[in-house]
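Where a number appears in this text, it was derived from the coordinates with a stated rule and is not lab data. On a predicted model such as this, the values are computed, not experimentally measured, just so you know. Because the Cβ atoms are built from the backbone with ideal geometry, glycine has one as well, and the counts that use them run over all protein chains shown.
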Amino acid sequence: MAFLPRPGGRLEVVLGRMPAPIFAGLAMLTLITEEGALADGAVLVATLGALIASPKRSLAICLVGGIVGFAIGTLIF
Amino acid sequence: MFGTLYGTAAQPLVGTPLTIASSMFIFSGALQFALIGLLSAGAGAPALLLTAGTLNLRHVVMGAVLRPRIGGSRLRRAGLAFTLLDETFGFAVAAPEEAGAERTLFVSGIVCYIAWQIGTVVGVLGAGLSGVEKLADAVFPVLFIGLASLAATTGTLVLRAVAAAALTAAVALFLPDIRSLAPVIAGVLVALPGSADASEAREGDRA
């Protein structure tokens, strides 16, 4: 960020495509433990809640979906 | 929460001054937890330095993604780079135009920095958070899904995001040594195919 020149052309286009995939990758990474196992059940249900809310394209609604999912997951697991 | 967990884990290993100093000067949760893990396993300086370099490689790509949104002198950008975390990167990319990526990166970075320092000190003082660890684990996937939904403004970007999630899972499962780089590797790979038409990226920028 400090040393790179401001990108242009195809590089800028490709860089502009990266945020959503990187966030999706980060979300996935948090669901897999370092031992290669899946995260706790309540965490998975919270994630499902956020995914269900994601078409609304609102961070607040995703957080609400996640909280509701976590509450349900805690009851189940 | 994570600062407290770090303080609790690090203090018995490296002592109070180094625990607090590491949070003040490194300010990277993933790296600090990794360093503590390596130290507890008896790793030496080369392993610690290699881990630090590898873990922070992803910030090169994140910095490149943010670069078109960040102006000013090299010194100013270097200062802002200190606040670049996975989370602040997300907030900066998703920031509405009027808020500005720079200001969002700076403000969210300062808030995270202060919270991390307070959390570390609380952990060093012996506070336990075992009751809310599970909730803390749920915060990040939910946050990143929310940020992905903001950034995925077109059907193509949604498909790229889904592909990146699948690729990340594959790397995390089959190449666990480079799992911390998996999201960035996947992000780069799925962003490359396609034309150089800027409309898709510009729509993404409006997220």
Rounded to the nearest 0.05, FRET efficiency between B:Ala41 and A:Ala71 (Cβ-Cβ, R0 30 Å) equals 0.20
Taking chain A as the reference, fit the longest principal axis to its C-alpha atoms, fit the long axis of helix A:59-76 to the helix C-alpha atoms, and give the angle between the two in degrees, 0 to 90, nearest 10. 30
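Could you list A:Phe3, B:Phe27, A:Phe70 so that the one with the fewest beta carbons within 10 Å of its beta carbon is first and the one with the most is last? Intermediate results must be reported in sequence, preceding the final value.
Numbers: A:Phe3 11, B:Phe27 18, A:Phe70 24.
So the residues, fewest neighbours to most, are A:Phe3, B:Phe27, A:Phe70.
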Cβ-based exposure ranking for B:Ser28, A:Ser58, B:Ser149, in which fewest neighbours within 10 Å come first: A:Ser58, B:Ser28, B:Ser149
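What ratio of Cα Rg to 2.2 N^0.38 Å holds for the protein assembly as shown?
On the way: Rg = 18.5 Å, N = 284, 2.2 N^0.38 = 18.8 Å.
Working it through for the protein assembly as shown, the quotient is 0.98.
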Using the count of nearby Cβ atoms within 10 Å as a rough guide to exposure, how do B:Val61, B:Val93, B:Val122 rank from fewest to most? B:Val122, B:Val61, B:Val93
Given 16 as the ceiling on other Cβ atoms within 10 Å, longest exposed-site-free region of chain B for GluC sites (Glu not before Pro) in DSSP loops: B:99-207
So what is the orientation-averaged projected area of chain B, using the convex hull of its C-alpha atoms, in nm²? 12.7
Would you work out which of B:Ile145, B:Thr54, B:Gln117 lies farthest towards the positive end of the dipole of segment B:33-173? Charges go on Cβ: Lys and Arg +1, Asp and Glu -1. B:Thr54
Could you work out how far helix B:155-174 tilts from the main Cα principal axis of chain B, as a 0 to 90 degree angle to the nearest 10? 40
